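Every number here is computed from the coordinates shown, using simple stated rules; none is lab data. Everything quoted here is computed from the prediction, not taken from an experiment. We place every Cβ from the backbone using ideal geometry, glycine too, and count neighbours over all the protein chains shown.
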Amino acid sequence: MSPRSPSVNEELRRRSRERLLQAAVELVDEHGYEATTLADIADRAGSARGLVSYYFPGKRQLVQSAVHRLMHRTLQAGLEREPRTEDGSELLARAIDAILGLARDRPVLMRTHMAGILQAEGFVRCPEQQRLAELLRDTVARHGSPAAERDYPLLRAQLMGAVFAILLPGAPMPMAVMRAELFQRYGLAWERGVPPDDEPPGGTRAQRLPDLSGYFDTEPT
């Protein structure tokens, strides 16, 4: 039997890593972070326990990468949904709705993610995070930013701040309020993206928010 080619081995490693990431998302969503062990994740993925350590330094890094993968895939699906568009404002609205939608639909995972970022390990940089960053950077550029490399981290921070506010235990902010704040900041009409059933704050669904098209034209102070 001839040995496998490097390309075949690489594909097998990619699939193995993908299974671990998917298993981590499923188990943390079902049981929470503390109740999920690396052995549980390996079992769900059909992998050897030692393989987890081969790809990830620890559980926190694995789970952060898994949530970054979920965010990347959710964002990409939102941007590419039908009808397809090249309109920068519509794409930015879809991006905001995709990330805020995760706070609504996957609160356990997103709380776990935020907690991990705020702990000592900090922000995990991984291939999944890089793909998410590329999508956000491209979306900001399509919206009209002349300096997307500078401006997309601001969008990322605003999205994470909104997610944190929506998920804040004991004092959550309504998703519609956070969506309206972000849409106003970027000059997006409420009807863009996937508007929730709620009326926008103030109850004027048809009212256009202020035009902030020149928002990206100012240099940071």
Check on Arg84, farther than 24 Å from Arg17 by Cα and touching a Phe, Trp or Tyr at 6+ places or on another chain (Cβ under 7 Å): no
Name the pairs whose Cβ atoms lie under 6 Å apart, with the first residue in segment 162-183 and in contact (Cβ under 8 Å) with a residue 60 or more places away in the chain, the second part of a loop (DSSP other than H, G, I, E, B), and 6 or more positions between them or separate chains? Ile166/Pro172; Ile166/Met173; Phe183/Leu209
Unique residue being of a type outside the set (Phe, Trp, Tyr), outside any helix (DSSP H, G or I) and surrounded by fewer than 16 Cβ atoms within 10 Å (Cβ to Cβ) when the list is Gly161, Gly170, Gly193: Gly170
In this structure, is Arg94 touching a Lys or Arg at 6+ places or on another chain (Cβ under 9 Å) and basic (Lys, Arg)? yes
Would you pick out the residues in segment 75-98 that are surrounded by 14 or more Cβ atoms within 10 Å (Cβ to Cβ), under 18 Å from the mean Cα position of the chain (by Cα) and of a type outside the set (Gly, Ala, Ser)? Leu75, Gln76, Leu79, Glu90, Leu91, Leu92, Arg94, Ile96, Asp97
What are the residues in segment 99-134 that are free of Cβ contacts under 8 Å to residues at least 40 places away in the same chain and under 12 Å from the mean Cα position of the chain (by Cα), if any? Gln130, Ala133, Glu134
